[in-house]
Structure formats: structure tokens, C-alpha cells
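Data block below; observations after.
The values are calculated or read from the model by the stated rules, or taken from the named source; none is laboratory data. This one's a predicted model, so the numbers in the text were calculated from it and none came from an experiment. Here Cβ is always computed from backbone atoms with ideal geometry, including for glycine, and neighbour counts include all displayed protein chains.
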Amino acid sequence: MPYIPHTSNDLVQMLRTIGVDSIEDLFDEIPKDLRSKLQNIPLGQSEMAVQQQLFAKSLQDGTPLCFAGGGAYEHYIPAALWEIATRGEFYSAYTPYQAEASQGTLQVIYEYQSMIASLTAMDVSNASLYDGASGLAEAVLMAVRANRKAKSKRILMPESVSPVYRQVVETIVKNQGITLELVPYNQRTGTIQVEQLDAQLSKPDDAFAALIIPQPNYFGSLEEVHQLTDWAHRHKALVIAQVNPISLALLEAPGNWGEHGADIAVGEAQALGIPLSSGGPYIGFLACKQKLVRQLPGRIVGRTVDLEGKTGFTLTLQAREQHIRRSKATSNICTNQGLMATAVTLYLAFLGRDGLQKVATTCALNTQTLMHLLEQNSDLSFPFGQGVFHEFVIQLPVSIDKVLSYLAQEDIVGGIDVSPRKSSTEQKNWLLICVTETKTEEELQFFADTLRSICQQISREESS
Amino acid sequence: MSNIPPELKYTASHEWIRTEEDGSLTVGITEHAQGLLGDMVFVELPDIGDEFEAEQDCAVVESVKAASDIYCPIEGEIIAVNEDLEDSPELINVNSYHEGWLFRIQPLKAEHVDNLMNAEDYAELVESEAH
Amino acid sequence: MSKRIIDQNAEPLIFELSDQTRQSSSLAPKTGSEQKNPLASHLQRKSTLDLPQVGELQVLRHYTRLSQKNFSIDTHFYPLGSCTMKYNPRVCNTLAQLPGFSTRHPMAHSSMSQGIMSCLFDLQTILKEATGMQQVSLTPMAGAQGEFAGVAMIRAYHDHNQDTLRSEIIVPDAAHGTNPATAVMCGYTVKEIPTNDQGDIDIQALEKIIGPQTAGIMLTNPSTLGVFERDIKHIAKLIHQAGGLLYYDGANLNAILGKVKPGDMGFDVIHMNLHKTFSTPHGGGGPGAGPIGVSKRLQPFIPIPIVAHNEQGYYWLSEDDLPLSIGRLSAWMGNVGILLRAYIYALLLGRDGMERVADYATLNANYLFKRLVAADFEMAFPKRRASHEFILTLRKEAKSYGTSAMDFAKRLLDYGYHAPTTYFPLLVPECFLIEPTETESMADLDAFIETLIKIKTEAKDSPDLLKEAPFELPVRRLDDVKAARELDLNFYHQE
């Protein structure tokens, strides 16, 4: 019996000790009319058989050339990383509630918190959240709680924030009376302008709790973070920075935006050592200025001492969490992404400052290379220019659905459709392309050439 | 049995109230309450000028094992808060009735205070909760 | 007495091993010499980036040594009630990391994703069948998110029927803390009802609170007290008659897998904890996965996306197909890597293996129960059968020797056992909620029993061994109060 070590002798002895004739007797408290057997589930299989099935499915999907980003990024993961992260002592460890038995995990999380705080130039980070999208939702809830003075449950949400993230935030906050107001982006640059923000307020001293600033934004474009941060602070609102952690090796950190720095930094840390794996498990990071520390949801690890004065680590500020405050908890979050946080810590430790800068720089340079190659193709245009980190939008001359489908046949994941979903007759066919350090010059050339020939092919098909 | 000063008033949620000469009320949590909560680690106080209704939660005292809401005993406006608690929340444990005071409130109506529990009734409440 | 293998000196922080002048290794791409920052200069990072610069071997050694300070299922028995710390089969991890699965971008075209989609579709089907529900969504990324989805759907259902008076969710006082927190997140007020001394819900109290304001009730069965809620069908009837809905917290599914289906008990929505029942790794505190199953009533509101299937193959159902859906809970499609591990586990177990899970989990729990009663330990519900877990109370010992359940727990660590759950449920003083799971052998259980007996004797003869435990671990008991008062949460920012 897989994973059940009992022998028939054991069974006999145990039943005798309990004083019943069979295991069935142990279920005598359950009303008979509730009992049922499982159907429509196949019988158990050997490891070998299961392996064969899964191998076949994995090969069926293969490993295409990937130019998609949009919040999930392909980066090289050092070989040692997952060997350590999947050691049984990390992999099968429980939540570190018994601190003395969990010093490994707790120290790793303390290091994680420190690295995230450093990357974002914030004072404190929590032990992580499920993903960047729900992290953004938690940041919104946090801003509303923290900015009591504004007496407002209004959040300004740029349309240059990923629409998927917006949907997740909406789902999570809508029953708490919070309004997410969309701020349109400038059509020329794909970024938010102060003029549009001013227009959003009906009176100059109109209150709102926070402004979300994405950097880079969903289209890959770079926002004027300093101006926007100062604008929000002038209006007594908090600033929630939604950032890409690899980009922070090259871009200014949220803690240093504007005159006073953003108040909360949040984002997706998957890029730091976590495989794409179809969208999860990922890991959201959340960091803030010291004055907001008591509003931070989720778990937090603190350094302290033991009875003998030796340094140790423990979960702290737990009184805010659901298992103690119950209906007054700051959120219902019960977990952090322990294993993923371990992976992120390993990634940043293995790469270090220099390594991270090299990764980020290579991403940016490869992206510029591809943009130059695509510029040669007069059928394509760049609706938002080329001031980007590692993602950009091109406008295709033909149906984006067809382009992506044909690229798939060439074993290429071409990118993400970010065409605005408006009911206008003009379909924009905007393709968001991401280029990371993983691409070679040959692959970039191959992509540019394939894209060109596919667009021409579709063009011919559509005119005939 | 914990100390329950007879000159103070009390609430069922374990706050004590002292009427000051100017008619304002000083509020804190009882010795019994601080014993239940344990070592204080943080106190979240209202701002001066905030107004609350009776029984509205207006502050939070946090220990390692629990975070407890403090309820405003009567309708009024906050006129002072104990800023020493920011650096030394343990004052609540050490001396709940004096150095550990939380905030001072100006009541909207003076007679509300008489409706609060006296020391004897509070002692009975503590006794009954123990079983 | 377990002895730690490695030397017990404190492992320095990675930052303390760092030297800023150290050059990076082969782990970063080889670029040309000194590449400049190619981005717009006014947006560039001007502040220093403080990250450790440590050699590859030193990094590897540091984290390997840290791992050795941990307890884990792979190294220790964890009789942790409500957590189901069973063996995480290695093959689940190996196969989930196959390149076709691990390198797939969530937006890869469905024509190149039929493999993974077939795995997810099959898992949806298996979970549906195992729980007796009509449809399953795999997207919630943790149990708490699954809970949130469940209550949000109940809200959506009532809102859709314009039944706006329903403002209350009923929760037993023994419930896990996430339950009331979730209800509040969805805009409800919480009404707690008591449990009786047999561990069942007080039905009279329930009847008094049910009314037109009842949106629903959140229950676990077996309950958090480790016993089966015998009146469940009656409770379901009462709630449904009043127009409310039933939510099932699947934390204890391990007790009834293959024996009873929550759908048959009358539940409208259930969440499952794959990191419990389906053996996905606990990872030191996540990631989990909390898929939900729904009844017909709630199908229109189910969160997206869902995998569907027709003659052309597998495809995604999205907002257009489910316009009343409560929406998306994650940016993509949930914790696919974790779902895959659960799927592999389900294939290995099969329906015959699933039926044995509850059998042996319950056998192990009842065996421990009987042996501990014989050793003069006091049970919270001595007249009931244990489900897959049970509660014993150490209040006698606390009174006689001054040793709390926490002290017992700390002393258990010295003997190499992770303590049972002590902080929960709040109702039973000085309790141990014990759940052995089905993957522990009789010998493992016997050794555990002997240890508990030994510690009980220590409590009488030398209580300081408990009160000052642990002695044998990398650290002694930690100062929680200092940790909360003098916050040190970041090496780079010391107050």
C-alpha cells in the first residue's frame, strides 16, 4: 500500500488495543446514510506508470522559445538553487511556529526580508504573500487602513497597471467598500501624466487614500515615478509602488522616489529564481516604511535572543494575524510562500549585487537589440516608443490572434495580447514582447525573421 | 484577586475610568486585563481631536499573544493621549491605573459617567469570568 | 535524546559573509566589460544596492547548514493536529519539475499546452468526484484564499438574488481563526455559536440565531475538536430552509476521504487544502493550494479560469463563459506547480489508495488515543471516537506541577518530536491537538507514546526540564516580548 507502512500484524495488534474488530468500526459515529464509495477515479498506479504518463505530457508541451512576460518572466536559475531549496529540511518543514525547531527557515526568512527591503529601499518587508496580484490587493487594504486621516476608501489605479492584477484586486477588495478609480494613460507614451491625475480629482483637495504607481508598467514603459510620487504626497495620499525586482538593479528604488519616497512597495518576485510553471506557485513581496509596519499583513520574522543571550529568530507581531485577532485581523492570510521565499533568498545570495546588475543589464541590452531588429520591419510600429526596461509593445499589421497561433506552430510563445478591449471598430493588435538575458542573438534574429514572414503570410491570406 | 481601586468606574470590557477635576475622564485597562493579555508590546492610541461614540473601538493594546480593542466608555472627544506608551508599552503592565493610562476624553454629556459600573460590580464580573 | 549533527554555534547571517569587493561568479551572464546602465538617466537607481557578495560554495554551505537546523517531515514526526503532516512523496516533486511543465509560461498558446491542461482537467475531475461536488476551481492559491472564494460566492449568490438582508455568517466558537476573518473580509458580521461538551454544535443555540439575516454557516467536519459533527444533515436542513448556504472548511478532509463526501452532507461550497490532504509540501510555510468545489447553486459564481474539454481538446473558461463568476483570485491559473504535485499523488493513490487514507489516519489516531488514555492522559472528549485527530488536555498536569501544554511541547522538541498543535482550538485549556496521519508506522507511534509518558513523569519529578526546555536545539526558548518590542526585522535597518 503506497505510503502506508502497516503490516497485517500491526493492524491486528492495533485493532485489539483499540477494542474493535475492524477499521470500519472506527467510523461508527458517522451516519450510515452519509457513507459512499469513490467512483470515476482510476485505481492507484505504480510510480513507473505515472512517470511514463507525465513524461509523455511534458514532452507533448515541449519547451518553446518564449517572448512572453506580462508579470511572469523567464530568467536563468542557478543549478544549485533548487537542489538546496528542495532539501527535505526546507521542502517538508512546517510553518515555523515552534521557533526553536525552525531556526533554519526563520533565518532564511529574516535574510529574505532584509534583501527585499534593501532592493526596494524600504525599512521593512514581510515574509511574503501569495503573488504580486494579491500582494497589490493587500497593499490597497493596507493603505486604506493606514491612511485613516484621508477618511477615504478611494484608490487611484492607473490603466497602465496590468488588467489581470486589477481584476484580482477588484475581486479581493470589492466587499470592503473600497473604490478603485481608473486613471487613463497618455496614448502617446503609454504612461500616466500628472495632468490626467489632476483631472481625476473634482476638487483640488479631493481626498483619496493612495495612488498606485507601476514601474515598469504593464506596457513595459517607464513611468515618471518621482513626479507622480510627489503629486500623491501633496494630496496627502499614500504611494503604492508596484515594481519588478530585477529592474531594481537599474531603476531607482521606491524608497527613493520623489522627495519622501513611496510608502509601500509591492510586486512579483517570481523573476528571482522561480520557474515559470504555468503561473504558480509565485511569490508576492510587500515592504513599507517603518511607520506602517504594524499594518503589514502576513507573517514577519524578527531577530531576538534566547534565554542564554544567543541570537535567534522568531515569528513576531503575530497578534495582528488571523489566528489571534479572528474577526479583527488585518487580513485572513494564513501563509507565506515559504519555499518560494527560500528560493528568492538563494537567488539573491548566489547572484549578489553584481550578478543581479549583470542580469538586468543583459535584459535591457537584449531588448534594445530586438527592438532594433524589429524597427527594420516597416510593417511594425511602436505605439509607446522605446523607453523600456525589458518589455515593449509593437503594433502588428494583422490579427494578433492569428500571429500568436502561427508563432505557436513554430514553437514560439510570441508574447501577450495587450490590445485594449474597447468596443471600438479599430482592433489595435498590440503585442507585448519580453526579452530577458536568456535569449541569444541567433534567437532574436530568428524571432524577428519568423515574425516578419508570418505577418506577410497572414496578410496574403487575408487579401485573397 | 487583582487590585480594583474603589474610586474608579469600570466597563464590562475591562476599562477603568477616573473623573478628573475638570470633568474630563482618564481611561485605561484594569490590572486584571493586563494580566490576561501578558507583556505589552505596542499600543495604538487615537489622535487628539478624534471623536467617538460610546462603545466604539478607539485604541488597540497589543501583547505577544493577543491584540485587544479598547472601547470608548462614553461619547466624547479625545483631549490627551499617553505618549510615554510609544516607547514603554510595559507601563500598562507595571502600573495600569497611573503611569499606564491610555487617553483622556472630554464627555459630551456629564451624566453618562454615572451609568458605568462601580468597583464592587466589576469585582463580581471578574470573579464570574474566572469560572 | 536527539543530538544535532552539526555544531550548534549560530550560523552567521549571509550579509556577515559578504565582501563588497568580491567579483560575481559564473551564475550571472557574461557581459562585456563594465556595461553602463542603459536606461533613462533621471530614472536610474542612484541609491546603493546592498545585496551580499558571497562565493558560490560559501552560499551553498550557508543555506545547507541552515537547513540542518530545521525539523521537517523528512527528519521528524509531526503529530500536528489540523495540519496533516504526511509524507510528501519525492516523485511528485521530480515529475512536477519536468521541463515541459516547469518552463511553461502561463500565456503559452493552448495548442502547445494540452499536456498540462489535461493534468489540470483530470485533477478537477478527481477532486470533484472525491468531494461529491458539481464543479471545481483550482485557482485559489491557499486554503485561506479558497475560504475567501467560498464566502465571496455565497455573497455573490445572495446579491444576485437581491437578498440583501443577509448580513451574518455563523461560525462555531471552535473554528479556525481564518473563518471569522474571511467572513469580515467579505463584508459580513460574524455570529459565533457554542459547541456542547460532546464536541457537537449546540443545535438549540443555532436555531435561535438562524433567521432571514443568515447568509450562511462555515463548518469543518470532522470539527476542529477532532470529532464528527453527527447532526450535520439536520444543520444543513436548518440553514437551507432559512435560505442560507453551507461552507465546508476542508482542513480535516483526511479523516473522511473516500468515506463521506462533503457534497452528500449538504455543503454548497468546500475548499480543500492540497498541502494537507493531497500531500503537497509545506515548504516552511507555503506555498499551498486551496481548490474549491461547488454545488449546482453556486456554479455560476465559481472563480476563473477553469479548464474545459471538447472534441477539439482542452480550453480555458474565462469571464465571457462565466459572466457571474466572482472573478480572478490569482494573476494566472493558481499554483499550477503545486496542483501538479497533488495530481501526481492522486494518480499514485488512486481511489483504492484514497479510501485507505481515512482508514489508516483514523486507525493511527484511535490507537494513540487508547494507549494514551491507558497511560493516564486526559482526553477532551473521552466518550467520542477520535477522527483522524483528537484532543488531549494537560490541565491536570498544569494544576499539579505548574507545567503548561507549551512546556510539554518544548520538551518534546528535545526528544526529536515536533509538538502537536497547542495554540488552537482556543476552547480547550492546555490542549494538544494530535494528528498522526496515515504514513506513520506503529513503531513510530509507540515511540511517541513512550516519550509522552516519560515527559509526564519529568513534569512530576523535575518540572524545570519542561519549563526551561528545549535544551538540545540550536537555541533555547526565545524572547518573544523583546522580538515584538524591539523590532529587528531587517539587517540593513536597525532601529
Residues in the range C:267-288: is at least one facing chain A (nearest Cβ under 8 Å), without any contact (Cβ under 8 Å) to a residue 40 or more places away in the chain and touching a Gly at 6+ places or on another chain (Cβ under 7 Å)? yes
For the condition part of a loop (DSSP other than H, G, I, E, B) and over 22 Å from the mean Cα position of the chain (by Cα), what is the one hit in A:G258, A:G273? A:G258
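crowded, with 24+ Cβ neighbours inside 10 Å, within 13 Å of chain A (Cβ to nearest Cβ) and among the β-branched types (V, I, T), is that true of C:I326?
yes
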Output yes when any residue across the range C:21-35 is in contact with a strand residue (DSSP E or B) (Cβ under 6 Å, 6 or more places away or on another chain) and either touching a residue at least 24 places away in the same chain (Cβ under 8 Å) or within 30 Å of C:N252 (Cβ to Cβ) (or both), and no when none is. no
Does the range B:61-80 hold any residues that are in a strand (DSSP E or B), surrounded by fewer than 20 Cβ atoms within 10 Å (Cβ to Cβ) and either more than 12 Å from chain A (Cβ to nearest Cβ) or at pLDDT 90 or above (or both), and which are they? B:Y71, B:E77, B:I79, B:A80
Of the residues that make up the range C:435-444, is at least one closer than 29 Å to C:H176 by Cβ and in a helix (DSSP H, G or I)? yes
Among strands (runs of 3 or more DSSP E) completely within the range C:152-225, the ones holding 2 or more residues that are more than 14 Å from every other protein chain (Cβ to nearest Cβ) and closer than 18 Å to C:E389 by Cβ are none
Looking for something crowded, with 20+ Cβ neighbours inside 10 Å, touching a residue at least 24 places away in the same chain (Cβ under 8 Å) and in contact with a Ser or Thr (Cβ under 6 Å, 6 or more places away or on another chain) - is there at least one such residue anywhere in the range C:485-495? yes
Any residue that is part of a loop (DSSP other than H, G, I, E, B) and over 27 Å from C:E229 (Cβ atoms) - is there at least one of those in the range C:371-390? yes
Across the range C:68-80, what is the total count of residues that are surrounded by 23 or more Cβ atoms within 10 Å (Cβ to Cβ) and within 7 Å of chain A (Cβ to nearest Cβ)? 7
Hey, does the range A:336-355 have a residue that's outside any helix (DSSP H, G or I), modelled with pLDDT under 95 and more than 8 Å from every other protein chain (Cβ to nearest Cβ)? no
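Listed residues C:M133, C:M107, C:M141; which is farther than 28 Å from C:G353 by Cβ, of a type outside the set (V, I, T) and surrounded by 23 or more Cβ atoms within 10 Å (Cβ to Cβ)? Give the derivation first.
Values: C:M133 fails: farther than 28 Å from C:G353 by Cβ; C:M141 fails: farther than 28 Å from C:G353 by Cβ.
That would be C:M107, the only listed residue that is farther than 28 Å from C:G353 by Cβ, of a type outside the set (V, I, T) and surrounded by 23 or more Cβ atoms within 10 Å (Cβ to Cβ).
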Cβ pairs under 7 Å, 6+ apart or interchain, first in the range A:443-459 and modelled with pLDDT under 95, second part of a helix (DSSP H, G or I) and surrounded by fewer than 16 Cβ atoms within 10 Å (Cβ to Cβ), ordered by first then second residue, are none
Assess whether C:L348 counts as being hydrophobic (A, V, I, L, M, F, W, C) and either part of a helix (DSSP H, G or I) or at the interface with another protein chain (Cβ under 9 Å from one of its Cβ atoms) (or both). yes
For the range A:140-156, pairs from a residue that is touching a residue at least 24 places away in the same chain (Cβ under 8 Å) to a residue that is acidic (D, E) and part of a strand (DSSP E or B), with Cβ under 9 Å and 6 or more apart or across chains, are A:R154/A:E181; A:I155/A:E181; A:L156/A:E181
Tell me, yes or no, whether the range C:84-98 has at least one residue that is surrounded by 20 or more Cβ atoms within 10 Å (Cβ to Cβ), of a type in the set (F, W, Y) and at the interface with chain A (Cβ under 7 Å from one of its Cβ atoms). no
Consider C:L452 carefully, then state whether it is within 13 Å of chain A (Cβ to nearest Cβ), over 26 Å from C:N179 (Cβ atoms) and modelled with pLDDT of 90 or more. no
Any residue that is crowded, with 19+ Cβ neighbours inside 10 Å, within 7 Å of another protein chain (Cβ to nearest Cβ), among the hydroxyl-bearing types (S, T, Y) and assigned to a loop (DSSP other than H, G, I, E, B) - is there at least one of those in the range C:356-366? no
Read through the list (1) more than 7 Å from every other protein chain (Cβ to nearest Cβ); (2) assigned to a loop (DSSP other than H, G, I, E, B); (3) touching a helix residue (DSSP H, G or I) at 6+ places or on another chain (Cβ under 7 Å), then give the number of the only condition that A:G69 fails. (3)
Right, A:E29: among the acidic types (D, E), under 24 Å from the mean Cα position of the chain (by Cα) and not in a helix (DSSP H, G or I) or not? no
Failed condition for C:A398, given (1) more than 9 Å from chain A (Cβ to nearest Cβ); (2) within 26 Å of A:T17 (Cβ to Cβ); (3) in contact with a Ser or Thr (Cβ under 8 Å, 6 or more places away or on another chain); (4) modelled with pLDDT under 95, with all others met? (2)
Report those helices (runs of 4 or more DSSP H) wholly inside the range A:83-174 carrying at least 2 residues which are modelled with pLDDT under 95 and either buried (at least 24 other Cβ atoms within 10 Å of the Cβ) or not small (G, A, S) (or both). A:132-146, A:163-173
Of residues in the range A:38-56 being facing chain C (nearest Cβ under 7 Å) and part of a loop (DSSP other than H, G, I, E, B), the one nearest to C:K259 (Cα to Cα): A:L38
Going by what's in this entry, would C:K410 be described as away from chain B (no Cβ under 14 Å), more than 20 Å from A:L315 (Cα to Cα) and among the charged types (D, E, K, R)? no
When residues of the range B:81-91 are filtered for being more than 23 Å from B:G49 (Cα to Cα) and crowded, with 19+ Cβ neighbours inside 10 Å, how many remain? 1
Criterion violated by C:E378 - all others in (1) surrounded by 24 or more Cβ atoms within 10 Å (Cβ to Cβ); (2) without any contact (Cβ under 8 Å) to a residue 60 or more places away in the chain satisfied: (1)
